[in-house]
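Let me begin by presenting the structure, written as structure tokens, before commenting on it.
The numbers here are math on the coordinates, done by the rules we state, and not lab data. Just so it is clear, the model here is predicted, and its values are computed rather than measured.
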């Protein structure tokens with residue numbers, strides 16, 4: 001299946017330490033061309049942030065309408081590359097307001 005930029009997907013999210021993974025939602029921030037040419041996607045973490053939010057976390061607008069079961073934040077500081085084959089399924093897509101916020105964050109750190 002082809003996934004698009006701004007799709008919320010469920011995948012095996014790698015832990016920061018790199019030892020294990022857990023099925024979690026993530027937001028695809030790369031274009032379809034990256035997956036087509038290299039079979040990888042760039043994604044950012046989506047989390048419930050039960051341990052607390054970070055200053056640049058982005059609260060998901062209407063989480064239930066975009067495929068999430070509870071309130072979540074997009075954590076664009078947790079950007080990663082993963083094989084496109086590890087995406088389990090598409091959950092939905094973020095709203096334009098959230099797209100703009102993620103784009104602004106990425107432009108700030110990857111100009």
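See the values below:
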| quantity | calculated |
| --- | --- |
| The chain - percent relative contact order, Cα under 8 Å, separation 6 or more | 29 |
| The chain - Debye-derived log10 I(q)/I(0), Cα point model, q = 0.12 Å⁻¹ | -0.37 |
